[in-house]
Amino acid sequence: MGFPAQTIGDLKNLARRRVPRMFFDYADSGSWTESTYNANETDFSKIKFRQRVAVDMTDRSLGSTMIGQDVAMPVAIAPTGFGGMQHPDGEMLGARAARALGIPFTLSTMSICSIEDVSEATGGAPFWFQLYVMRDRKFMHNLIDRAKAANCSALVLTLDLQILGQRHKDARNGLSAPPKINFNTVWQLASRPQWCLSMLKTRRHTFRNIVGHAENVGDLSSLSSWTAEQFDPKLNWSDIEWIKERWGGKVILKGIMDAEDARMAAASGADAIIVSNHGGRQLDGAPSSISALPSIVEAVGDKIEVHMDGGIRSGQDVLRALCLGAKGVYIGRPWLYGLGAGGEAGVRQALEIIRKELDVTMALCGERDIRNVGRHNLVNPGVFSE
Ligand code: FNR
């Protein structure tokens with residue numbers, strides 16, 4: 001990589017210089033006014049740690065579990081569509097980096113690399129698969145069965161995308177499938193020749209979970225109309241039942257922001273929920289994920305494992321979420337920035353930065369075992385209660 005990155009922000013700057021604008025902005029943006037997207041990040045700084053001294057800080061441990069699976073730190077890679085446009089073979093590289101660091105990798109339905117590509121890249125090691133509820137049930141069966149065959153060890157079911165939030169930056173940048181060819185888009189690509197050359201070397205340029213698997217989707221233009229109508233606006237709690245039954249393994253429900261929905265999710269028999277507003281890409285004007293976390297933990301924390309994502313940009317943020325009751329967290333953009341900045345090495349660096357920051361912050365709070373952190377490590381644990 002060009003320079004040693006010290007922070008996730010350094011990786012973001014590097015990615016901005018390497019990835020064509022339409023793809024960098026696709027990752028680095030939210031919906032409408034981006035107020036929720038911004039609050040996801042800024043609300044973390046309202047949480048203050050209790051600094052402790054003269055506590056034995058030797059022999060520290062970040063190891064924990066998420067849905068009963070051992071993790072080297074309670075951080076997973078979030079499912080993100082289009083990962084393979086930040087860097088060729090992006091999801092394969094991300095999965096390898098996650099495996100090297102001992103944390104779960106979640107593959108999106110809307111990834112460029114397929115379930116089978118990722119399985120091959122990680123030598124058949126388990127990863128997690130994220131599923132959208134789509135109108136084409138036959139295709140959902142196909143995805144579930146392929147994820148099972150690939151040894152996936154959890155199904156992350158995303159509930160907050162029955163219809164697509166409006167993302168103005170994508171429209172302005174001309175991001176579409178099939179790609180628009182005009183001066184603006186050609187210039188965006190031409191100004192990143194290294195990225196273009198590296199993309200020419202891979203055969204993975206399209207949504208490989210879908211093309212060739214869903215009915216009548218054989219190329220980019222048929223794919224575009226297919227995706228536009230596939231997200232199921234009729235999705236409801238009874239869908240969880242048949243999906244759970246067909247899958248037969250651990251299920252995590254993603255996109256819960258409300259205590260009432262959290263109770264429904266707990267009653268559905270899922271293994272965990274993710275407090276998430278889709279990284280500020282869906283309902284702009286919703287609260288930040290971190291501010292919604294405490295009330296959801298209070299509502300269902302004794303019934304179901306609560307995870308969260310949205311706005312985590314450092315190991316300090318990871319610790320803040322754990323202190324407020326999350327059993328584990330997910331990072332979306334940080335892994336994409338690492339990927340855009342430097343492929344597999346970049347993702348590893350993103351994860352190493354977060355691990356180091358988490359370890360040092362935990363120690364300075366006077367804790368040696370990540371499983372023991374909690375509200376007692378905060379000066380203002382009630383910061384988000386009204
Ligand atoms: C996402 N997210 C997402 N979620 C999901 O369930 N399926 C998906 O395909 C995608 N795609 C996607 C693309 C991009 C570019 C981003 C940034 C996000 C949401 C993602 O899983 C997660 O909820 C957020 O990214 C978390 O916020 P941070 O960590 O990016 O701030």
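The values are calculated or read from the model by the stated rules, or taken from the named source; none is laboratory data. Not measured: the values here are computed from a predicted model. Note: ideal-geometry Cβ built from the backbone for every residue, glycine included; neighbour counts use all protein chains shown.
Tabulated results
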quantity	calculated
S191 under 15 Å from F24 (Cβ atoms), more than 14 Å from the ligand (Cβ to nearest atom) and of a type outside the set (D, E, K, R)	yes
Check on T158, of a type outside the set (A, V, I, L, M), over 23 Å from L11 (Cα atoms), within 14 Å of the ligand (Cβ to nearest atom) and touching a residue at least 60 places away in the same chain (Cβ under 8 Å)	yes
Subset of segment 22-41 that is assigned to a helix (DSSP H, G or I) and surrounded by fewer than 21 Cβ atoms within 10 Å (Cβ to Cβ) - its residue that is farthest from the ligand (Cβ to nearest atom)	S35
Wholly enclosed strands (runs of 3 or more DSSP E) of segment 58-104 bearing at least 3 residues within 29 Å of I210 (Cα to Cα)	75-77
Given (1) within 12 Å of the ligand (Cβ to nearest atom); (2) among the hydrophobic types (A, V, I, L, M, F, W, C); (3) assigned to a loop (DSSP other than H, G, I, E, B); (4) under 22 Å from A321 (Cα atoms), number of the condition F44 does not satisfy	(3)
Residue in segment 74-91 that is touching a residue at least 60 places away in the same chain (Cβ under 8 Å), aliphatic (A, V, I, L, M) and out of contact with any Phe, Trp or Tyr (no Cβ under 9 Å at 6 or more places or on another chain) present	no
Which listed residue, of A72, A98, A76, is surrounded by 15 or more Cβ atoms within 10 Å (Cβ to Cβ), under 20 Å from I274 (Cα atoms) and within 12 Å of the ligand (Cβ to nearest atom)	A76
Segment 301-348, residues that are within 21 Å of S35 (Cβ to Cβ) and more than 10 Å from the ligand (Cβ to nearest atom)	R320, A321
Residue ranges of helices (runs of 4 or more DSSP H) in segment 120-203 with at least 3 members within 23 Å of the chain's Cα centre (by Cα), small (G, A, S) and closer than 22 Å to N236 by Cα	none
Pair list, Cβ < 6 Å and 6+ apart or interchain, from segment 304-319 residues that are without any contact (Cβ under 8 Å) to a residue 60 or more places away in the chain and over 15 Å from L157 (Cα atoms) to residues that are assigned to a loop (DSSP other than H, G, I, E, B) and of a type in the set (F, W, Y)	none
Where a residue in segment 117-141 is under 29 Å from D70 (Cβ atoms) and its partner, wherever it lies, is part of a strand (DSSP E or B) and polar (S, T, N, Q), with Cβ under 9 Å and at least six apart	P126/Q69; F127/T106; W128/T106; F129/T106; Q130/T106; Q130/T158; L131/T158; Y132/T158
From the options V329, V347, residue that is in contact with a His (Cβ under 7 Å, 6 or more places away or on another chain) and modelled with pLDDT of 95 or more	V329
Residue in segment 75-89 that is among the small types (G, A, S) and farther than 30 Å from G165 by Cα present	no
All helices (runs of 4 or more DSSP H) inside segment 212-300 with 1 or more residues being within 13 Å of the ligand (Cβ to nearest atom) and in contact (Cβ under 8 Å) with a residue 12 or more places away in the chain	220-230, 289-300
